[in-house]
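Notes to accompany the following structure.
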Amino acid sequence: MINLILFPILIPLFMGIILIFFHKRVILQRIFSLLSTSASIVVALLIMDKIKNEGIQTVNLSNWDAPFGITIVSDMVSALLVLTTNIIAFCCILYSFKGIDRERENYFYYSMIQFLLVGVIGAFSTGDIFNLFVFFEVMLMASYVLLVLGNTKIQLRETVKYIIINVVASALFVIAVAYLYSVVGTLNMAFISERISELGDTGILTVIAVLFLIVFGLKGAIFPLFFWLPGSYNAAPIPILALFGALLTKVGVYSIARTYSLFFYEDSYVFALLGTLALITIILGAIGSIAYNDVKKIIIYNIVTAIGVILFGFSAFNTVSLTGAIFYLIHDMIIKGALFLLIGIMIYITGTSNLKSMSGLIKRYPLLAWTFFIAALGLAGIPPLSGFVGKLLIIQGAFEESNYIGGFIIVLSSLLVLLSVIKIFVKAFWGDESDNVTKKPVKTLLLPGCILVLLSFLIGIGVEVLLPYISLAAESLLQPENYIHAVLKE
């Protein structure tokens with residue numbers, strides 16, 4: 001019998017293959033895509049319940065026991081991220097019914113989304129460092145196709161840049177894995193952790209840790225490696241931008257969290273380096289978000305800020321900060337997806353992403369205006385929305401480590417983030433109605449954004465329901481022996 005934790009990978013894999021044969025039957029593709037993500041959401045919920053009751057779940061493929069075979073592992077961290085990924089994918093697919101042109105839909109659009117999900121969910125679920133690389137490549141190949149669909153000049157230019165950056169990152173990834181294998185003699189992540197603890201503190205391990213930080217930092221857009229992100233993401237159509245903004249950089253963040261908590265948890269130098277880079281990332285992301293008058297660029301730079309906040313919480317590496325980092329990671333995936341879908345409607349109405357050419361939208365679109373306002377408050381971490389709890393716990397965790405400067409920078413960044421999104425609300429929705437504002441039907445487009453904003457609100461007010469799951473996830477990162485025991489059956 002196929003283990004339950006394989007289904008989040010197998011469902012989009014087989015659905016992506018099936019949809020290839022129906023690439024001209026758009027209605028069927030839409031229905032099957034929604035059914036696929038709906039089924040994956042149900043499976044992810046079942047997996048979370050099983051992990052809570054029975055502990056970390058593993059499956060060894062082809063009956064080769066760990067550490068010799070390929071292992072799929074589902075702890076609470078990966079289960080929460082798999083669930084969030086499928087919820088966001090469901091909303092982006094729903095938005096695509098009206099939010100992307102038919103020409104793109106006919107060119108394997110829904111198939112590529114399914115293959116993208118295979119890569120993202122596989123990266124969250126693998127227990128093998130080389131297969132993390134494989135799933136990264138699956139995710140990236142699908143993202144190349146999605147980014148270039150439409151064949152516009154800006155897409156082609158930015159896709160070339162995006163491919164070059166990721167080819168370099170992938171080459172560095174293979175080099176880092178090769179160095180690690182030469183030291184420990186295994187690719188199984190749990191066994192790597194055991195072997196490193198036996199070796200003790202060696203200089204080569206610090207070098208490997210920094211190499212992994214460069215690789216995952218490029219993919220996760222941490223300073224100074226985020227330079228490619230604003231241009232590449234800005235070229236993508238809105239539903240693809242929402243998928244990329246909510247999911248792809250978070251795979252890089254997860255990879256840093258997983259490898260550092262399993263392999264390098266005793267190396268204080270690399271955690272100090274990570275914390276410093278995270279704080280610089282926060283500052284530069286916040287500055288970028290207030291510097292632009294383009295709604296897409298503003299939210300894209302807020303991705304950079306959030307990456308810094310999450311990784312700073314992880315770098316503190318105590319129970320409170322890890323709980324806050326995981327909570328904030330889930331919040332940010334949801335709220336970024338919502339904001340990209342909402343600004344997509346604004347661009348659809350006005351035909352521009354320039355704030356100077358938008359005004360007075362609230363008169364014709366009050367529901368859009370107030371939904372965006374709630375999402376903006378959630379992004380800035382205003383209670384009772386979901387961003388508040390995660391940020392508060394990260395700051396508390398920083399104070400426990402006596403890192404008062406880091407806590408202050410996060411508080412200051414929250415004010416700048418709020419300023420950047422309130423600027424959109426004030427300039428786009430208030431004032432005299434712009435000549436660009438036209439009356440268009442947006443109810444179908446607004447539904448996915450409303451779902452995600454409502455979810456953010458429910459997470460914020462239902463913290464006590466979610467906190468046991470988040471605490472289990474933090475415990476999984478903080479106590480690698482639990483992960484090792486579950487995989488190696490020791």
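Quick look at the values:
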{"read-out": "Filter result for I335 (of a type in the set (A, V, I, L, M, F, W, C), touching a helix residue (DSSP H, G or I) at 6+ places or on another chain (Cβ under 6 Å) and farther than 25 Å from P468 by Cα)", "value": "no"}
{"read-out": "Residues (in contact with a strand residue (DSSP E or B) (Cβ under 7 Å, 6 or more places away or on another chain) and either at pLDDT below 85 or outside any helix (DSSP H, G or I) (or both)) located in region 153-193", "value": "L187, N188"}
{"read-out": "Pair list, Cβ under 8 Å, 6 or more apart: region 64-80 residue closer than 20 Å to I326 by Cβ, other residue of a type in the set (K, R) and not in a strand (DSSP E or B)", "value": "M76/K52; V77/R258"}
{"read-out": "Set V210, V251, V270: member being touching a Lys or Arg at 6+ places or on another chain (Cβ under 9 Å), among the aliphatic types (A, V, I, L, M) and assigned to a helix (DSSP H, G or I)", "value": "V251"}
{"read-out": "Among the residues listed as A316, A306, the single one being closer than 18 Å to G390 by Cβ, among the small types (G, A, S), buried (at least 21 other Cβ atoms within 10 Å of the Cβ) and under 17 Å from the mean Cα position of the chain (by Cα)", "value": "A306"}
{"read-out": "Pair list, Cβ < 8 Å and 6+ apart or interchain, from region 273-299 residues that are without any contact (Cβ under 8 Å) to a residue 12 or more places away in the chain and more than 17 Å from T249 (Cα to Cα) to residues that are of a type in the set (D, E) and part of a helix (DSSP H, G or I)", "value": "none"}
{"read-out": "The listed residue being in contact (Cβ under 8 Å) with a residue 12 or more places away in the chain, in a helix (DSSP H, G or I) and crowded, with 16+ Cβ neighbours inside 10 Å, out of S33, S38", "value": "S33"}
{"read-out": "Enumeration of residues in region 438-485 that are within 25 Å of P366 (Cβ to Cβ) and free of Cβ contacts under 8 Å to residues at least 12 places away in the same chain", "value": "P441, K443, L454, L458"}
{"read-out": "In region 126-152, residue nearest to the chain's Cα centre (by Cα) [restricted to those that are surrounded by fewer than 20 Cβ atoms within 10 Å (Cβ to Cβ) and not in a helix (DSSP H, G or I)]", "value": "G150"}
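The values are calculated or read from the model by the stated rules, or taken from the named source; none is laboratory data. All of these numbers come straight from a predicted model, not from anything done at the bench. FYI the Cβ positions are ideal-geometry reconstructions off the backbone, even for glycines, and counts take in every protein chain you see.
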